[in-house]
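The values are calculated or read from the model by the stated rules, or taken from the named source; none is laboratory data. For clarity, every value in this text was computed on a predicted model and none was experimentally measured. Ideal geometry is used to build each Cβ from the backbone, glycine not excepted, and the neighbour counts take in all protein chains shown.
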Ligand SMILES: *Cc1c(COP(=O)(O)O)cnc(C)c1O
């Protein structure tokens, strides 16, 4: 399958080129030329398939001609070696836990899938690739972990100093080997802008092969559609119409959910739940897209003022606002709402959510006020322990620290401080 640029002035490319380029030469995001629905029988019999089989059937069309079936199967086996359970909160609300991977955030799947693909593409070349990634929290850890030790690939992670949690910071600054963390005196938007600059810097590009590992990269973005299929498999037997509420920042995860719907998955509606960074909820109200600087919140992985994947969502609906509105609602909540939701979830079910999941819960509740007959799933995108202070303080409970996290707690942070694009460029040219 070919991928085209959403800016329409760059050539169509195959999957491997789209992955290595990250973003098209005309600065557009890549988009698959077709999304062919899976047979109805696939959804009717989904309970009989393993997660690996489901993932294979769902993604094969996008990588066909580039990643052979046997290689794809091996990659999926590695990528999907943990569980994705739907846990019941109330009789008509469940939470899809996406945090059972090595860094305990949902980005593990996309990051590992991309790392495996890039490793496969560079198997026969001697040229090193540098993966450049900006993180608002969880991307960095997942990418660092997914790429650790992958030959021929160096990873450089930019994160906003003082704006990620202690555990998140350790996950991306303590690995060493082919992973370097750059601590930026600025916000996530500054980090993302620097990465975008680097991709357009001819002087740099002459010296090195740069690629991105943000959810603009198709190899990070597309595998996220698996989650929705795994959830559907688990709740289909309830016989209700299903809605998903996705805590959203760059809108890659929810956009992948909308692709799963295009593949034929029966789903009534999607809810994009955000914190006070409400560019998309405002768009859904006013039809005007006004990006703005991001505001720091307790759900920091969603502190994004100009969500990079929203353009893919608009494209999926051919920029038809009414069609989009039929499938997607978007609501914004502040930190107080989020803390109240953490308490409410805990009080009604004993379940400890994280601040991102809590935002998802709030969006779902709001939608279900009008649609009480639906079965709602909110995505738990990170383990609560990653936001230890906030969760413990809000619930007045001590959390147990899982083994994956204990492993990084004792390690020493190593980062390089930079404050502007020149700092990034100097680092890249010297290394
Ligand atoms: C990245 C992230 C999100 C936002 O996902 P997008 O695909 O960027 O919308 C939500 N929650 C957590 C914990 C994350 O790490």
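Tabulated values for the structure
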{"read-out": "All positions within the stretch 49-71 that are free of Cβ contacts under 8 Å to residues at least 40 places away in the same chain and more than 17 Å from residue 266 (Cβ to Cβ)", "value": "50, 52, 53, 56, 60, 68, 69, 70"}
{"read-out": "Hits in the stretch 1-21 - residues which are assigned to a loop (DSSP other than H, G, I, E, B), touching a helix residue (DSSP H, G or I) at 6+ places or on another chain (Cβ under 7 Å) and closer than 17 Å to residue 308 by Cα", "value": "6"}
{"read-out": "Test for residue 15: is it under 21 Å from residue 153 (Cβ atoms), touching a residue at least 12 places away in the same chain (Cβ under 8 Å) and buried (at least 19 other Cβ atoms within 10 Å of the Cβ)", "value": "yes"}
{"read-out": "Count of residues meeting criterion [more than 16 Å from the ligand (Cβ to nearest atom) and either within 24 Å of residue 34 (Cα to Cα) or touching a helix residue (DSSP H, G or I) at 6+ places or on another chain (Cβ under 6 Å) (or both)] in the stretch 262-288", "value": "9"}
{"read-out": "Residue pairs meeting the criteria (Cβ under 6 Å; at least 6 apart or on separate chains; first closer than 14 Å to residue 271 by Cβ, in the stretch 245-257; second within 6 Å of the ligand (Cβ to nearest atom) and outside any helix (DSSP H, G or I))", "value": "247/381; 254/248"}
{"read-out": "Failed item in (1) touching a residue at least 60 places away in the same chain (Cβ under 8 Å); (2) under 24 Å from residue 99 (Cα atoms); (3) in a strand (DSSP E or B), with residue 163 passing the rest", "value": "(3)"}
{"read-out": "Any hit, the stretch 179-191, residues being buried (at least 22 other Cβ atoms within 10 Å of the Cβ), within 16 Å of the ligand (Cβ to nearest atom) and not in a strand (DSSP E or B)", "value": "yes"}
{"read-out": "Residues located in the stretch 120-157, provided they are more than 16 Å from the ligand (Cβ to nearest atom), at pLDDT below 90, in contact with a strand residue (DSSP E or B) (Cβ under 7 Å, 6 or more places away or on another chain) and assigned to a helix (DSSP H, G or I)", "value": "122"}
{"read-out": "Hits in the stretch 38-86 - residues which are surrounded by fewer than 13 Cβ atoms within 10 Å (Cβ to Cβ) and outside any helix (DSSP H, G or I)", "value": "39, 45, 50, 65, 68, 83"}
{"read-out": "Among residues of the stretch 343-397, those that are modelled with pLDDT of 95 or more and away from the ligand (no atom under 14 Å from the Cβ), counted", "value": "29"}
{"read-out": "Residue match in the stretch 98-109 (condition: away from the ligand (no atom under 16 Å from the Cβ), under 19 Å from the mean Cα position of the chain (by Cα) and buried (at least 18 other Cβ atoms within 10 Å of the Cβ))", "value": "no"}
{"read-out": "Given (1) under 19 Å from the mean Cα position of the chain (by Cα); (2) surrounded by fewer than 20 Cβ atoms within 10 Å (Cβ to Cβ); (3) in a loop (DSSP other than H, G, I, E, B), index of the condition residue 307 fails", "value": "(2)"}
{"read-out": "Residue among 298, 313 that is farther than 22 Å from residue 225 by Cα and either at pLDDT 95 or above or within 15 Å of the ligand (Cβ to nearest atom) (or both)", "value": "298"}
{"read-out": "Residue in the stretch 312-323 that is surrounded by 16 or more Cβ atoms within 10 Å (Cβ to Cβ) and in a loop (DSSP other than H, G, I, E, B) present", "value": "yes"}
{"read-out": "Given (1) over 25 Å from residue 88 (Cβ atoms); (2) away from the ligand (no atom under 16 Å from the Cβ); (3) free of Cβ contacts under 8 Å to residues at least 24 places away in the same chain, index of the condition residue 327 fails", "value": "(3)"}
{"read-out": "Residue check, residue 242 in contact (Cβ under 8 Å) with a residue 60 or more places away in the chain, surrounded by fewer than 23 Cβ atoms within 10 Å (Cβ to Cβ) and within 17 Å of residue 367 (Cβ to Cβ)", "value": "yes"}
{"read-out": "Failed item in (1) under 30 Å from residue 204 (Cα atoms); (2) touching a helix residue (DSSP H, G or I) at 6+ places or on another chain (Cβ under 8 Å), with residue 423 passing the rest", "value": "(2)"}
{"read-out": "Residue that is nearest to the chain's Cα centre (by Cα), among those in the stretch 240-253 that are within 6 Å of the ligand (Cβ to nearest atom) and under 24 Å from residue 370 (Cβ atoms)", "value": "253"}
